[in-house]
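Undergrad: The structure's right below; bear with me while I get my questions together.
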Amino acid sequence: MPKDKTATNKRLQECMRREFLEKGFEKASLNHIAKQAGITPAGVYRHYASKEAMFESLVAAVAEEFYCICEEQMRKIDTDVIREHVGNGYSTFEEGWIDYIYRHFDEFKLLIVCSKGTKYEGFLDTLVTMEEKSSAHLIQLLKREGFVKKSFTEEQIHITATMYITGLYEIIRHDMPKEKAIECIRFIYEFYDGAWKSALEMR
């Protein structure tokens, strides 16, 4: 994390963000960042211990908060959520999810597109794992409430979760404007909602 919030560090953060977004973590140059910020490479180390620390300072808070948001949504899956899900796969949570991403678009672009070589390169994999748990839990509740009798294997849930999460975050890879992203997300939700209902033979 940055050791201060001086004007120099603010300028350095802007240069870091631009460099990582343009080149990705692996190809980003600490020397180039320092030059753009108007300080020496040694000066950079007075703010950050390493290039990894620089990247982490830009994305850590958003990544952790987003994990918490997703986990909280998973805890809310109950009978009422099931009934809403059966009736309509797109909810107010999705609107809030999109708003959050577009308030922190650069951070998500760094996490999803530019993080190879950092501990965050598995960001989407973590979201897939969370989606797997959420899907498995939802299927169990649907079965308990009598909506379905059919089961899925762990492999099937993993594959569908991977396709789903990968599809959702294409809005980041393609730098979609927010309004277009909303249209695409609605389409994906409708598509997967119908696919799940068909595959589970929901009543």
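Undergrad: What are the pairs, 6+ residues apart or on separate chains, where a residue within the range 115-132 that is surrounded by fewer than 19 Cβ atoms within 10 Å (Cβ to Cβ) has its Cβ under 9 Å from a residue that is among the small types (Gly, Ala, Ser) and modelled with pLDDT of 95 or more?
TA: Every condition considered, the pairs that remain are 116/24; 117/24; 121/115; 122/115; 126/63.
Undergrad: Sticking with this one: So, in the range 26-53, exactly how many residues are within 20 Å of the chain's Cα centre (by Cα) and under 13 Å from residue 11 (Cα atoms)?
TA: Count: 0.
Undergrad: I'd like to know if the range 135-150 contains one or more residues that are in a helix (DSSP H, G or I), more than 20 Å from residue 192 (Cβ to Cβ) and modelled with pLDDT of 90 or more.
TA: Within the range 135-150, not a single residue is in a helix (DSSP H, G or I), more than 20 Å from residue 192 (Cβ to Cβ) and modelled with pLDDT of 90 or more.
Undergrad: With the condition kept exactly as written, say whether any residue in the range 93-115 is at pLDDT below 95, out of contact with any helix residue (DSSP H, G or I) (no Cβ under 8 Å at 6 or more places or on another chain) and either basic (Lys, Arg) or not assigned by TED's automatic domain parsing to the domain that holds residue 159 (or both).
TA: For the range 93-115, residues at pLDDT below 95, out of contact with any helix residue (DSSP H, G or I) (no Cβ under 8 Å at 6 or more places or on another chain) and either basic (Lys, Arg) or not assigned by TED's automatic domain parsing to the domain that holds residue 159 (or both): absent.
Undergrad: Residue by residue through the range 27-47, note down the ones that are under 22 Å from residue 104 (Cα atoms) and either assigned to a helix (DSSP H, G or I) or not aliphatic (A, V, I, L, M) (or both).
TA: As a first pass, look at the range 27-47 and keep what is under 22 Å from residue 104 (Cα atoms): 28, 33.
Correct list: 33 only.
The values are calculated or read from the model by the stated rules, or taken from the named source; none is laboratory data. All values reported here derive from a predicted model rather than from experimental measurement. So basically every Cβ, Gly included, is an ideal-geometry build from the backbone, and we count neighbours across all protein chains shown.
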